[in-house]
1. Does Tyr221 fit the bill of being under 24 Å from Thr361 (Cα atoms) and of a type in the set (Ser, Thr, Tyr)?
2. Would you confirm whether or not the stretch 233-256 contains a residue that is touching a residue at least 60 places away in the same chain (Cβ under 8 Å), farther than 30 Å from Asn383 by Cβ, of a type in the set (S, T, N, Q) and surrounded by 15 or more Cβ atoms within 10 Å (Cβ to Cβ)?
3. Quick check on my filter: what residues within the stretch 8-33 are of a type outside the set (Val, Ile, Thr) and closer than 17 Å to Gly77 by Cα?
4. In the stretch 436-452, what residues are polar (S, T, N, Q), surrounded by fewer than 13 Cβ atoms within 10 Å (Cβ to Cβ) and either on the phi > 0 side of the Ramachandran plot or assigned to a helix (DSSP H, G or I) (or both)?
5. If you go through the stretch 861-879, how many residues are within 50 Å of the chain's Cα centre (by Cα) and among the aromatic types (Phe, Trp, Tyr)?
6. Conditions: (1) assigned to a helix (DSSP H, G or I); (2) modelled with pLDDT under 80. Thr361 meets all but one. Number of the miss?
7. Please determine whether any residue of the stretch 477-494 is within 25 Å of Ser404 (Cβ to Cβ), in contact with a Pro (Cβ under 9 Å, 6 or more places away or on another chain) and of a type in the set (A, V, I, L, M, F, W, C).
8. Search the stretch 922-960 for residues being among the β-branched types (Val, Ile, Thr) and crowded, with 21+ Cβ neighbours inside 10 Å, and hand back the single one that is nearest to Ile1006 (Cα to Cα).
Amino acid sequence: MRPPSDLLDIISKLAELEPTIRKGAVRELVAKQEELSNEEINNYVIERLISGCSSARAAVRLGYTTALGTILTSEAGKLWDLNRVLSVANKKMDLAEKTVASGHAIGHYLILVAYCQSKKLKETEVTSVIEHSKKIRDVAPSLAFSQISLICSLSEKVKDSIFQKSVAPAVEMYLEGLSSQFTPENIYLALRLRTSHSATVVKYAKFVKKDGSCQFSDDQYPKLLAALKRCDYATLQVFLPLLIKVSVESSTFEKTYQKVLEPWALSSNETKVFDRILSIVTQYFEFGGEVKSIVVVFTKEILNRMETATRGKGQFRLMSKKVEDFASFIKSKFADLRDEEAYTTLKALEKCGNVDKACGTGLTTGLLSNLGKKQISVWIKENLTKQEEVRKIVTAFSNWDESSRVTVLTALLAQKATETSQAVVTSIIDSLFYVKTRAGEFASIQISDKNEQVLRQLVVAVQGEEDVKKAEKTIGKAKLRKKSLLILWYVTRLWSKIAADSADSEAYDSNSGEILMIAKNESDGNNSLVFVDLLLSILSREQKFHRTPTSFAFVHAIPTLESKDLSHIVEVSTLYRFVLRTLLVFQTAMMSEAELAGNGDEDMEDEEGMPFDESDIPNRNENDEEDSDSDSDEEEEEDDDEENEAVDQELLDKLNAALGDAAPRESSSDVEMDDFDDEEMQKMDERLAAAFKAVAPKAAKDKKRSAKNVEALKMKIADLLLIAISSKELSEQNKIQLVVPLIKWAKVDAKTHDKVAQKALELVNIVVKMKFTDISEKDALQLLKNVLEEAQTTTNLLIIDAVARCVTFVIKTSSRDGKSMSAGVRTEFQKLFESYLKNVEGKVPSNFVIQPIADLPLLFVDQLGMLLDAGFDEQNRIFKRTEILGATSMIFSKQVLQDITIKAAIVKKIGKLAASYFQSVVDSDKSELKPRLFGTVLQLVLKVTACVQNDEKHVDALRETLEPTICKMSEGEVFIQLKKINPTCHHIIGKSIPGAFTSIKKSLNIEN
């Protein structure tokens, strides 16, 4: 009897490669118990499943074996005993057929596994299974390990009495081979049965103890390694986990790893080494291995390969991701270690070598972060002189408690200062502050009470309680900038203590003293300027760690600063003079005669690039500026002479040595150059050239370095101003008053420090993008006047663009209702517009008038008459007319006109002016036609008609004036000639000229 078609469909699904489909088919098949109760169908299904176990097609073996085992456990499989199953298997899969014996052997093995897992075996059946498995192995030796696995399963499943009678002989046969050779099969068997049948295993496996633990001898490890290398991929998936599990349970993992597991991993292809290592480590933790013991994997061989992978090229670069994954996994495990365990593991890692460098991940730093106070104290004593280890403190510091932090920093401060200890301590001090800034929105730099207490404790440790209290009392009396001064005093005291250079230490001492003087002289009118200059002097140093504490002091002092203080910051950045002090003798020697002749009358100019001199800062007393000019100039000249004298001495020494007897002597008589012969003169020339060359590189190098330092300082000042602008504590008035100084700054640095100039203009743009609610018309007009004055003396496009934004800003802030600008600003803009039209030399760039219209079209609706007159006035330049009409067209958009109504007179005026222009186009020579102007006028008409098409009055007015000329241009010779400028018009309008005419006619109800 043939089974129903639906049953056959289910069986066919058992071969699908998709696991979910196969599993679903197994469930459906087992659910067909009613059909399977029919003997014929039952026989057909089970026989088909048995025969299918040997098929290599798709996933037949997986699906059929699973289905067979499941059915044998159900009601439908009760009549099928082992003999009946094997008889069908022998009939369907003859092991004697050599051509297919291997495939049939696999089928027989799968049937045995399915039967053993689904049935409770009798003693006779166990014996039959063992005997049949031997027959399978004889036919297919490659299934030897599979047979061992089956024997192990039977050994664990059956009673001890059945094991001794039926299974033990086969087990002992395999175990006897351990005396001569270690194979994957016999080792696996011994390890698998070491606990369940230890009495039998101990007789043959010397490495197995009576309690089930394993202890391999030194001479057995090489044999174990050889057996592991013989494993194929499938065998390895079973053998390796068992070996690792046994080593963990027997506490022999360290030795097993060193003698067996690592050599096996390294024997593979280089690209697979870390796959194997990661597999070993993963399974080690799965079987309950201790985290601290995993340090054993960081051997010299592994670290070398890690470093090669992370820093190598070519194929080794492909391994870097594997190394990263491996190190990250280990780091995640180390994260659970605390206190003594973390310290023990850290010490073990340090003995392995530079693990962090090899793997590129802070493994030791992570452990250092988890140390307790006791362990931290011990570690810092051991590593205080090791510079590489001390650097790790920076990363770990944030994870320690307050007392541990103080302990470490106190120990560092107590040592002789080095560059490393200075870098570490200053970085840690920097990390005590919390910085949150968003350009133009907010700026916040805070220090918590705990961190402030840490600072104080450190200062007390190095300064003494009495001195600290005295300073705190002085600063505490101040009403302004108390927080800023106190924290800055703490920090400068620590900087002084940890400074590696004595000159730096003295400078920080001077800063600390100046802080106290600022606190004492708070009533002085220039006190704020002194405070600002102090911050700038700290920032002017090369080290980066000054920035955060200085910014903190500045942020908390912002409410006490006035606009003149902030403007002073900008002015200081523009007043640094960097004079190139090259010796006249050196210049003369290096220049050719022609150069000397050509440049003899030129004055030497100052160049940027020399270090900042505080004498360059102008006197703060504005009333005395003029009186002090001559004095300060004289002082500067004297200083320059002194410095030149000092610098010249080095060169003069070299020149005297080079001149030899010809050098001037105070005590000797004059030596005439004629006294030397040609040979002596030649030698002297060579020595002079060598002397000049020795000095030249140093001067060039110093100049280049100074220029970089100056640019870096200016960028720091710009960041400081960004904080001020972004701070909510700074008033709108003060922010506005920064705009003009910033533009001046950009003008000064536009040629020499382009990045600085761009930074200054970015600050201007941030200010003008802000929303201000408390700016008076007077202040707005003053800003407009000042920025336009600054624009008169520059051609820099970025500065011009920034000024245009300022003009837009002034117009925007003057509008209270959002629909019209104030009367005063309107008047000033009209003056600016007239200047733009009359100005031939381009002193008023088009950005100044066009950009405000484009950005704020709603505010220029009431200015349409003026714009239209200028745009259609033939007396104005074509370029300006085009720009004006293009901006005017932006006013005619649905978004603008939904809030305001256009007057009928304006619409009529547009129609009349456009019609007049179009008529002139029709009548004039088309070769003289300006394509951009024509396209812009057409765009204006197109937008206007689209906006008013629903207003009959406007439509009638436009149709009356435009219809004749539009019709003329849409046909005949004129239309053909206009096609020549179609590409330009298409670029402006977004559609072709015929398309534009069609749209206009449609809006005005003109017949096409």
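The values are calculated or read from the model by the stated rules, or taken from the named source; none is laboratory data. The structure presented is a predicted model; accordingly, all values stated were derived computationally and were not measured. Methodologically, a virtual Cβ is constructed for each residue, glycine included, from the backbone with ideal geometry; neighbour enumeration extends over all protein chains shown.
1. Values: under 24 Å from Thr361 (Cα atoms): no; of a type in the set (Ser, Thr, Tyr): yes.
No; evaluated as a whole, the condition is false for this residue.
2. yes
3. Going through the stretch 8-33, the residues of a type outside the set (Val, Ile, Thr) turn out to be 8-9, 12-19, 22-25, 27-29, 31-33.
The answer is Arg27, Glu28, Leu29, Ala31, Lys32, Gln33.
4. Those that are polar (S, T, N, Q), surrounded by fewer than 13 Cβ atoms within 10 Å (Cβ to Cβ) and either on the phi > 0 side of the Ramachandran plot or assigned to a helix (DSSP H, G or I) (or both): none in the stretch 436-452.
5. 1
6. Condition (1) is where Thr361 drops out.
7. Yes, because at least one residue in the stretch 477-494 is within 25 Å of Ser404 (Cβ to Cβ), in contact with a Pro (Cβ under 9 Å, 6 or more places away or on another chain) and of a type in the set (A, V, I, L, M, F, W, C).
8. Within the stretch 922-960, the first condition is being among the β-branched types (Val, Ile, Thr), and the residues that meet it are 922, 936-937, 941, 944-945, 948, 955.
Of the ones still in play, those that are also crowded, with 21+ Cβ neighbours inside 10 Å are 936-937, 941, 944-945, 948.
On the way: Thr936: 22, Val937: 19, Val941: 14, Val944: 15, Thr945: 12, Val948: 14 Å.
Among those that are among the β-branched types (Val, Ile, Thr) and crowded, with 21+ Cβ neighbours inside 10 Å, it is Thr945.
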